Amino acid sequence: MNWKAIGIFDSGVGGLTVLKEIVRVLPQEDTIYLGDTARVPYGTKSPETVIRYSHQIAHYLQSQDIKLLVVACNTASAVALGSLSAELPVPVVGVIEPGAKAAVAATRTGKVGVIGTAGTIGSSAYTKAIKRINPDIEVVTRACPLFVPLAEEGWVDNEVARLTARIYLGDLREQGVDTLVLGCTHYPILKKVIAEVMGPGVTLVDSAEETTLTVAGILGEQDLLRPKGELGNHHYYVTDVPAGFIRVGNRFLGGNLGDVYQVDLEKDLQSGGSLEEAY
């Protein structure tokens, strides 16, 4: 089991921020990443649809012989984590619970802000997770949908990004939150601008970092870590033509994206996972 890969999936490219952090903390581990680019975004779809997509992807990654699955999509984490955990024979880690735990631990005033896509904020997933840990914490949420295209375009350190952040985050700052959860996997790309707008008194919680700590903890507890000193291999799959994923993915990973394979999930599952084309 130690030598098997960590499986990671997202509705698109955003989950690469989670993969990047996993590679930084656990460089000895192999990873298999799948972005469901043919059906992105998940936030506008029904919970039933997202659950069905998530199980298709999980079954595909399971066929690639993974030892742990990371659901690097906030929407899928909110609606599908329970059923995936119940069905899969490997540990399943989402991005919401680790971020919620870190926010509860970080806040000094008991007032936590959460930003995310409209779908994630509408699900109240972070609010519920935080309240389960400490019901006395006040949670203030804000949907920031334009942060996603800004991150993908690479507009992360200019006046457009700063103006957008000031408009989105002004209310949260005025309401006095002392901790802010970056509740979308794209948002760490904009961390510098978000920190500037919120000010030095606000702690930013990066779910990618917290999720990686959870992954490392589980693998360590179950004696599933590869030996230190090894260098992991990384494989990338998408469900649509890879050109856009490659362009944005190289931006997210600093040009370190390897070959990307396009897969048809339904056909691949029927044929044992052999239908893929490299780009």
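The values are calculated or read from the model by the stated rules, or taken from the named source; none is laboratory data. If you're wondering where the values come from, they're calculated on a predicted model, not measured in any experiment. Cβ placement follows ideal geometry from the backbone for every residue including glycine, while neighbour counts extend to all protein chains displayed.
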Give the number of residues within region 33-57 that are buried (at least 20 other Cβ atoms within 10 Å of the Cβ) and part of a helix (DSSP H, G or I). 4
If I filter region 113-142 down to residues being under 17 Å from residue 47 (Cβ atoms), of a type outside the set (Ser, Thr, Tyr) and in contact with a Gly (Cβ under 7 Å, 6 or more places away or on another chain), which single residue comes out as surrounded by the fewest Cβ atoms within 10 Å (Cβ to Cβ)? 118
Go through region 5-32 and give me each residue that's in a strand (DSSP E or B) and either more than 18 Å from residue 213 (Cα to Cα) or among the hydrophobic types (A, V, I, L, M, F, W, C) (or both). 5, 6, 8, 9, 10, 32
State which residue is nearest to residue 125 (Cα to Cα) when the search covers only region 63-79 and only residues that are at pLDDT below 95 and of a type outside the set (Ser, Thr, Tyr). 78
Going by the conditions given, is residue 62 farther than 21 Å from residue 205 by Cα, in contact (Cβ under 8 Å) with a residue 12 or more places away in the chain and in a helix (DSSP H, G or I)? yes
Applying the selection to region 62-99, what residues are surrounded by fewer than 17 Cβ atoms within 10 Å (Cβ to Cβ) and closer than 17 Å to residue 214 by Cα? 82, 85
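When you check residue 148 against the structure, is it assigned by TED's automatic domain parsing to the domain that holds residue 202, more than 23 Å from residue 245 (Cα to Cα) and hydrophobic (A, V, I, L, M, F, W, C), yes or no?
Details: assigned by TED's automatic domain parsing to the domain that holds residue 202: yes; more than 23 Å from residue 245 (Cα to Cα): no; hydrophobic (A, V, I, L, M, F, W, C): yes.
Taking the combined requirement at face value, the residue does not satisfy it.
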If you scan region 214-225, which residues turn out to be surrounded by 14 or more Cβ atoms within 10 Å (Cβ to Cβ) and not polar (S, T, N, Q)? 215, 216, 218, 219, 224, 225
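Residues in region 1-58 that are hydrophobic (A, V, I, L, M, F, W, C) and under 20 Å from residue 262 (Cβ atoms): how many?
Step one: filter region 1-58 for residues hydrophobic (A, V, I, L, M, F, W, C), giving 1, 3, 5-6, 8-9, 13, 16, 18-19, 22-23, 25-26, 32, 34, 38, 40, 50-51, 57-58.
Add one more test, that the residue is under 20 Å from residue 262 (Cβ atoms), and what stays is 5, 8-9, 13, 16, 19, 32, 34, 38, 40, 57-58.
Number of matching residues: 12.
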Against the definition (of a type outside the set (Asp, Glu) and assigned by TED's automatic domain parsing to the domain that holds residue 109), how does residue 238 come out, yes or no? no
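What's the total number of residues in region 197-230 that are among the charged types (D, E, K, R) and touching a helix residue (DSSP H, G or I) at 6+ places or on another chain (Cβ under 7 Å)?
Narrowing region 197-230 to residues among the charged types (D, E, K, R): 206, 209-210, 221, 223, 226, 228, 230.
Subset that is touching a helix residue (DSSP H, G or I) at 6+ places or on another chain (Cβ under 7 Å): 206, 209-210.
So the answer is 3.
Select from region 188-208 the residues that are part of a loop (DSSP other than H, G, I, E, B) and touching a residue at least 12 places away in the same chain (Cβ under 8 Å) and write down the one among them that is nearest to residue 118 (Cα to Cα).
So in region 188-208, the residues part of a loop (DSSP other than H, G, I, E, B) come out as 199-202.
Then drop every residue that is not touching a residue at least 12 places away in the same chain (Cβ under 8 Å), which leaves 199, 201-202.
Details: 199: 24, 201: 26, 202: 23 Å.
Among residues in region 188-208 that are part of a loop (DSSP other than H, G, I, E, B) and touching a residue at least 12 places away in the same chain (Cβ under 8 Å), the one nearest to residue 118 (Cα to Cα) is 202.
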Just the residues that are among the basic types (Lys, Arg) and without any contact (Cβ under 8 Å) to a residue 12 or more places away in the chain, please, taken from region 98-131. 128, 131
Scanning region 208-235 for residues that are closer than 30 Å to residue 266 by Cα and under 15 Å from the mean Cα position of the chain (by Cα) gives 208, 211, 212, 215
